[in-house]
Amino acid sequence: MKQWWKEAVVYQIYPRSFNDSNGDGIGDIQGITEKMSYLAELGIDVIWLSPVYDSPNDDNGYDIRDYRAIMDEFGTMQDFDAMLEEAHRYGIKIMMDLVVNHSSDEHQWFIESRSSKESLYRDYYIWKKGKDGQPPTNWGAFFGGSAWQYDEASDEYYLHLFSKKQPDLNWESETLRREVYDLMTYWLDKGVDGFRMDVINMISKDPSYPDGQTQGTGYGDGTPFFFNGPRIHEFMQEMNREVLSKYDTITVGEMPGVSVEEAKLYTGEDRNELNMVFHFEHVDVGNGSFGKWNPTDWKLTELKTIFSRWQEGLEEEGWNSLYWSNHDQPRAISRFGNDSPEYRVRSGKMLATLLHLLKGTPYIYQGEEFGMTNVAFDSIDQYRDIETLNAYRDYTSKGLLTHDEIFRGIHERGRDNSRTPVQWSNEAHGGFTTGTPWIEVNPNYVDINAEAARKDPESLFHYYRQLIALRKANPLVVYGKYELLLPEDEAVYAFTRSFEGETWLVLCNFSGDTQQRDLPYDVKERVIGNMEPIEPFTLRPYEAQVYKL
Ligand code: TEU
Ligand code: CA
């Protein structure tokens, strides 16, 4: 089958915050259908849809209660079918979010499993005896506390790497794996085009369940025993053989902690596992002693080293995904650019130029295409994300971080930065809802919104359209070989892409100062850039230029 997913651009929708069609303050599926022409105008090929399945929303849909039903707040299965049909009418494919490392504790499987040790569903989940009154291991859950929840009735603990309402599924059970393949088949038979697989490299655990070196208190400080476990490739190949190989799909595995070497095994052409993976190396630059909660400065050379390792590492084997942001990460311009009024759009175009001229499949997160920024709420009561709320409570109550210290981390890196409603216009609530939004809209919606961007030919929105069109018109953008230049440069990211005798030079100034570089190249023409170029190679603050050599 043609590897169309290498030439595609993916747009991620977090439905809860995308567009509310019925005024209840919550984004919904009909709201997506209403915006399909907007996405077609942008020029994207695939929508990655964050979970829309029935869920109690402990983790906003990443805790699934019924894999074959639509969350009431998002609408009905008819709404879903209408959205799928509308997307396909525009030639846009739909990639569902497959969350099968864990389910909700309200899923029927878990209710049965917890009901009795003799239940047929007992081994759908991971139950273990404690040790001397303590949990089975000293692992910390990503959302705080122990990764084990005690169950009085059976005097056993169940594993939950995330919240205690997200019990981990037991992939050692072949019956459970069969259930997963069946639900995947259900959606593929409905006509969806692929899956983004949530923390899929955690599904194989080390069967010895060893303790970590230190007591995990959570928030990712836990032991790495649940990454890339011993049977992970067996499971991925079985999933491919049993389901994916029977359809023309696009797949991406979300893999915290994955290395380039491991990514070759997941995405190699002859591996029959996945098309690509999401790694976390670049989004973790500048992590402090408490990770993202006390972030530090990062250097451009760190970013270059990471991107280059992945570009070169997967050049011959495998394929890269490319992203700046998603529903777990802060807004790209605030994180890696400059969200001041003077430089917001220019640095947004610079970041987009860099990402979309790298080799791999680019992902655009909702609102990134017209330059949405981080939000800085004053009160913890304005935040909604379980990870942020738990971390604020735990780090301040244990005196590990002061309110001001962790609020800096929440403002810079909290997940709600990317979950405030998409700002469609300068109307109330940014045109997202006629009701009261489930989370407040960023007050800067008055100036930063899709409607204003679409009207302005110099906007970031139209620049993204040009980058996407460039990819469609030039195989070099998709297949060209990447070569890093100026590796030690802390202001300018420079690289070339070469394909069939043609070479393009990409220059991105990450700094707020004008940079002058002498490079041994003759310019034939300027392909794209965020400013009218002056003599090569002078780059004004946040200037980006792509030249054909
Ligand atoms: O995220 C996996 C994950 O590792 C995140 O917890 C992320 O590393 C962290 O939030 C960054 O600080 C996936 C989903 O994308 C996320 O929304 C879910 O909360 C999580 O899995 C559990 O399903
Ligand atoms: Ca709604």
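The values are calculated or read from the model by the stated rules, or taken from the named source; none is laboratory data. No experiment lies behind these values; they were computed from the predicted model shown. All Cβ positions, even for glycine, are placed from backbone atoms using ideal geometry, and neighbour counts span all protein chains on display. Only protein heavy atoms, including side chains, enter the accessible area calculation; ligands, DNA and RNA are left aside. Shrake-Rupley method; radii C 1.70, N 1.55, O 1.52, S 1.80 Å.
All but one of (1) in contact with a His (Cβ under 7 Å, 6 or more places away or on another chain); (2) open to solvent by 10 Å² or more (accessible area, probe 1.4 Å) hold for residue 211, so report the exception by its number.
Of everything listed in (1) in contact with a His (Cβ under 7 Å, 6 or more places away or on another chain); (2) open to solvent by 10 Å² or more (accessible area, probe 1.4 Å), residue 211 misses just condition (1).
Closer than 24 Å to residue 416 by Cβ, within 13 Å of ligand 2 (Cβ to nearest atom) and either open to solvent by 10 Å² or more (accessible area, probe 1.4 Å) or not in a strand (DSSP E or B) (or both): does that describe residue 57?
Judged against the criteria, residue 57 is not a match.
Can you tell which of 26, 64, 32 is modelled with pLDDT of 95 or more, crowded, with 19+ Cβ neighbours inside 10 Å, in a loop (DSSP other than H, G, I, E, B) and within 16 Å of ligand 2 (Cβ to nearest atom)?
Checking each option against the conditions leaves just 26.
In the stretch 39-50, what residues are more than 16 Å from ligand 2 (Cβ to nearest atom) and either open to solvent by less than 10 Å² (accessible area, probe 1.4 Å) or assigned to a loop (DSSP other than H, G, I, E, B) (or both)? Write out each step before concluding.
Narrowing the stretch 39-50 to residues more than 16 Å from ligand 2 (Cβ to nearest atom): 39-48.
Hits for the stretch 39-50 are 39, 42, 43, 44, 45, 46, 47, 48.
Rundown of residues vs (1) assigned to a strand (DSSP E or B); (2) open to solvent by less than 30 Å² (accessible area, probe 1.4 Å); (3) more than 28 Å from residue 13 (Cα to Cα); (4) without any contact (Cβ under 8 Å) to a residue 40 or more places away in the chain, yes/no style:
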| residue | (1), (2), (3), (4) |
| --- | --- |
| 95 | yes, yes, no, no |
| 104 | no, yes, no, no |
| 111 | no, no, yes, yes |
| 117 | no, no, yes, yes |
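Looking only at residues that are touching a Lys or Arg at 6+ places or on another chain (Cβ under 7 Å) and among the acidic types (Asp, Glu) in the stretch 78-127, which one is nearest to residue 158 (Cα to Cα)?
Among those that are touching a Lys or Arg at 6+ places or on another chain (Cβ under 7 Å) and among the acidic types (Asp, Glu), it is 105.
Before we move on, is residue 379 over 22 Å from residue 543 (Cβ atoms) and over 16 Å from the mean Cα position of the chain (by Cα)?
yes
Kindly indicate which of 369, 342, 387 is open to solvent by 20 Å² or more (accessible area, probe 1.4 Å) and within 28 Å of residue 57 (Cα to Cα).
Working: 369 fails: open to solvent by 20 Å² or more (accessible area, probe 1.4 Å); 342 fails: within 28 Å of residue 57 (Cα to Cα).
Within the list 369, 342, 387, the selection yields 387.
List, please: which pairs have Cβ atoms under 6 Å, are six or more places apart or on different chains, and start with a residue in the stretch 429-447 that is farther than 18 Å from residue 13 by Cα and end with one that is open to solvent by less than 50 Å² (accessible area, probe 1.4 Å) and in a loop (DSSP other than H, G, I, E, B)?
429/437; 429/441; 434/23; 435/23; 435/25; 436/25; 445/423
Kindly indicate whether residue 270 is part of a loop (DSSP other than H, G, I, E, B), charged (D, E, K, R) and open to solvent by 10 Å² or more (accessible area, probe 1.4 Å).
Criteria not met by residue 270.
Just to check your reading of the model, which residue among 280, 235 is aromatic (Phe, Trp, Tyr) and either open to solvent by 50 Å² or more (accessible area, probe 1.4 Å) or without any contact (Cβ under 8 Å) to a residue 60 or more places away in the chain (or both)?
280
Mind checking which residues of the stretch 163-217 are modelled with pLDDT of 95 or more, polar (S, T, N, Q) and either farther than 22 Å from residue 113 by Cα or part of a loop (DSSP other than H, G, I, E, B) (or both)?
Residues satisfying the conditions are 163, 166, 170, 173, 185, 201, 204.
Considering only the stretch 124-150, state which residues are assigned to a strand (DSSP E or B) and either touching a helix residue (DSSP H, G or I) at 6+ places or on another chain (Cβ under 6 Å) or among the aliphatic types (A, V, I, L, M) (or both).
Matches in the stretch 124-150: 125 only.
With touching a helix residue (DSSP H, G or I) at 6+ places or on another chain (Cβ under 8 Å) and either crowded, with 23+ Cβ neighbours inside 10 Å or more than 30 Å from residue 43 (Cα to Cα) (or both) as the only criterion, which of 87, 82 stands out?
Within the list 87, 82, the selection yields 87.
Go through (1) under 28 Å from residue 155 (Cβ atoms); (2) touching a residue at least 40 places away in the same chain (Cβ under 8 Å) and name the single condition residue 132 misses.
(2)
Can you tell me which residue among 495, 499 is surrounded by fewer than 17 Cβ atoms within 10 Å (Cβ to Cβ) and in contact with a Leu (Cβ under 6 Å, 6 or more places away or on another chain)?
499
Just name the residue that is nearest to residue 530 (Cα to Cα) out of those in the stretch 434-461 that are open to solvent by 10 Å² or more (accessible area, probe 1.4 Å) and β-branched (Val, Ile, Thr).
448
For the stretch 67-76, which residues satisfy the criterion of being within 16 Å of ligand 2 (Cβ to nearest atom), open to solvent by 30 Å² or more (accessible area, probe 1.4 Å) and not polar (S, T, N, Q)?
Selection gives 72, 73.
Within the stretch 163-177, work out how many residues are closer than 16 Å to residue 144 by Cβ and of a type in the set (Lys, Arg).
Residues that pass the stated criteria total 2.
Looking at (1) farther than 19 Å from residue 256 by Cα; (2) touching a Ser or Thr at 6+ places or on another chain (Cβ under 7 Å); (3) assigned to a loop (DSSP other than H, G, I, E, B); (4) open to solvent by less than 20 Å² (accessible area, probe 1.4 Å), can you tell me which one residue 333 breaks?
Tallying (1) farther than 19 Å from residue 256 by Cα; (2) touching a Ser or Thr at 6+ places or on another chain (Cβ under 7 Å); (3) assigned to a loop (DSSP other than H, G, I, E, B); (4) open to solvent by less than 20 Å² (accessible area, probe 1.4 Å), residue 333 fails exactly one: (3).
Is it the case that the stretch 6-19 has a residue that's in contact (Cβ under 8 Å) with a residue 24 or more places away in the chain, open to solvent by 10 Å² or more (accessible area, probe 1.4 Å) and more than 16 Å from ligand 2 (Cβ to nearest atom)?
Yes: one or more hits.
Does residue 398 satisfy being crowded, with 24+ Cβ neighbours inside 10 Å and of a type in the set (Lys, Arg)?
Values: crowded, with 24+ Cβ neighbours inside 10 Å: no; of a type in the set (Lys, Arg): yes.
So residue 398 does not fit the description; no.
Going through the stretch 343-394 one residue at a time, which ones are in contact with a Leu (Cβ under 7 Å, 6 or more places away or on another chain) and part of a loop (DSSP other than H, G, I, E, B)?
Matches in the stretch 343-394: 358, 360, 371, 383.
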